[in-house]
Structures are given as C-alpha cells and as structure tokens.
Ligand SMILES: [Zn+2]
C-alpha cells in the first residue's frame, strides 16, 4: 500500500489508545468490511438489504454508523456529541 491518506488513516486506527475490538471494528468500517446487509448482498448472501433496526432500505456502513436512527441516538443522545451545522442565528 502506498503512503497516501489511506495509510495515514490506517496508522491512526492501529495506533489509537482504544481496546483491540474497537480497532478491529474501525478497521472493518474503514475497509467497508462490516457485515452490513448491503455488504452481505454484495457477497451474494441471501438477505434483504434492509436495516434490522429502523427498516430503512440500504444498510450500508454509513447507514449503520451514521444515518440509522439508533446510530443518531448513540452519537447525539448518549454521547452528547453536537454538530455545528452553521445555521445558527
Ligand atoms: Zn437503520
């Protein structure tokens, strides 16, 4: 692998001070290797590409980690993370 942005991200993942299972999950998410329904369908596994939590179509890595209602609850409810959308008046 070349020393581009991708390898910098991977180095950050592997050098993070987090438990190993978190590193593995982050690496799998970055490599688009999480067993989402979208990835299973891509690998010819007979599942419907629907989120098991919210029922939304297209369970991708982005959906699971960012767009799903459960992910939003975790990020914005439980962890107290706020995003400045620039629309404050
Ligand atoms: Zn969902």
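Overview of results
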| quantity | calculated |
| --- | --- |
| Mean Cβ neighbour count within 10 Å, used as a protection proxy, ranking 34-47, 12-25 highest first | 34-47, 12-25 |
| Modelled label reach - residue 14, point 7 Å along Cα→Cβ, the range 21-38 residues with backbone N closer than 16 Å | 21-31 |
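Just so you know, all these numbers are worked out from the coordinates, no wet-lab data involved. On a predicted model such as this, the values are computed, not experimentally measured, just so you know. Ideal geometry is used to build each Cβ from the backbone, glycine not excepted, and the neighbour counts take in all protein chains shown.
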